[in-house]
Amino acid sequence: MISVSDLSYLGLCQIAFLFNKKAKIVTKAMMQGAKRHNELQKQAEVFTDDEIITKIIKGEKFVAREIRVADYENGLRGRIDELQFLGHNQGMKNEVLIKDDKFSYSNFLGMNDTHRIQLSSYAFMMPKDAKFKNLVDVIGASINFRRFNTPDSLEFKVSGAQLSSWVTQVPELTQLAENILSNEIIPKPQGFALIDSEWLPVSKRTCISCKYNKVCKVGRKILSE
Ligand code: SF4
């Protein structure tokens, strides 16, 4: 099973996806981020899966954090930071917003394709997950960018309509990820632009900010040009 956090690297670079899978570099920001996520979870109300299903069927409005989702058919799994359930719609499905928290020391640069692939993968899996099958309607998603040292945060939202166009790409991306991991194909220095549904060559700027640029021969070549 491919994790959503690994799959999202295809938005940056296929080669970075492989490095992240085979020789993951864990940065200080990632460790601090995990700590802050735990703090947010401790502040939240905790529900069992059965309690969540009961509340969804009753059409309750509630927030649940750190929810695992899986789609075994496509071999994809993930953990969603926050689900905001808004109650039943006319179709008697509980409408839900998917929310992800990103902590950073640097300024917010806005949503990029790794974020878009992450949110689309969650939106793709929700209706397929055994817990939520036929019970929920994903009506939107957002990334909440938070700074470590200040209470500042900035939320970037994606509409349900936008998400539904992006989710169509998820099975193909997951299959490509599998093919890279099984050495069926050689990863290229290309990132997937979800909005245009196309692969774009990585830029020098991408390689400069890539945490694998010291171990990546292709990246070093790009940087030397
Ligand atoms: S250094 Fe450049 S080519 Fe290498 S993994 Fe990073 S983004 Fe891809």
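Condition check ((1) buried (at least 19 other Cβ atoms within 10 Å of the Cβ); (2) touching a residue at least 24 places away in the same chain (Cβ under 8 Å); (3) of a type outside the set (D, E)) across all residues:
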residue	(1), (2), (3)
A16	yes, yes, yes
M30	no, no, yes
V63	no, no, yes
Y72	no, yes, yes
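S224 versus (1) open to solvent by 70 Å² or more (accessible area, probe 1.4 Å); (2) among the hydroxyl-bearing types (S, T, Y); (3) touching a strand residue (DSSP E or B) at 6+ places or on another chain (Cβ under 6 Å): which is the lone unmet condition?
Only one criterion is unmet by S224, namely (3).
Could you please give the count of residues in the stretch 209-225 that are within 24 Å of the chain's Cα centre (by Cα) and either assigned to a helix (DSSP H, G or I) or more than 9 Å from the ligand (Cβ to nearest atom) (or both)?
The total comes to 1.
Let me spell it out: the conditions are (1) near the ligand (Cβ under 9 Å from one of its atoms); (2) open to solvent by 80 Å² or more (accessible area, probe 1.4 Å); (3) not hydrophobic (A, V, I, L, M, F, W, C), and T206 meets all of them except one. Which number is the exception?
Going through (1) near the ligand (Cβ under 9 Å from one of its atoms); (2) open to solvent by 80 Å² or more (accessible area, probe 1.4 Å); (3) not hydrophobic (A, V, I, L, M, F, W, C) one by one, T206 breaks only (2).
In the stretch 186-203, what residues are closer than 17 Å to L176 by Cα and more than 8 Å from the ligand (Cβ to nearest atom)? It would help to see each step written out before you state the result.
Within the stretch 186-203, the first condition is being closer than 17 Å to L176 by Cα, and the residues that meet it are 186-194, 197-201.
Result: I186, P187, K188, Q190, F192, A193, L194, S197, E198, W199, L200, P201.
Please go through the stretch 178-205 and give me each residue that is in contact with a Leu (Cβ under 9 Å, 6 or more places away or on another chain), over 25 Å from L163 (Cα atoms) and either not in a loop (DSSP other than H, G, I, E, B) or not β-branched (V, I, T) (or both), ordered by number.
Correct list: I180, L181, P187, K204.
Of the conditions (1) at pLDDT 90 or above; (2) within 21 Å of L10 (Cα to Cα), G87 clears all except one; give me its number.
The one condition G87 does not meet is (2).
With a cut-off of at least 1 residues that are within 28 Å of I180 (Cα to Cα) and within 16 Å of the ligand (Cβ to nearest atom), name the helices (runs of 4 or more DSSP H) lying wholly within the stretch 14-96. Walk me through how you get there before you give the answer.
On the way: elements: 14-22, 28-43, 49-58.
Output list reads 14-22.
Determine, yes or no, whether P151 is within 12 Å of the ligand (Cβ to nearest atom) and not in a helix (DSSP H, G or I).
Considered against the rule, which asks whether it is within 12 Å of the ligand (Cβ to nearest atom) and not in a helix (DSSP H, G or I), P151 comes out as no.
The values are calculated or read from the model by the stated rules, or taken from the named source; none is laboratory data. Since the model is a prediction, treat every value here as computed from it, not as a measurement. Glycine gets a Cβ as well: all are built from the backbone with ideal geometry, and neighbour counts include every protein chain shown. Areas reflect the complete protein model, heavy atoms only, side chains present, ligands, DNA and RNA absent. Shrake-Rupley method; radii C 1.70, N 1.55, O 1.52, S 1.80 Å.
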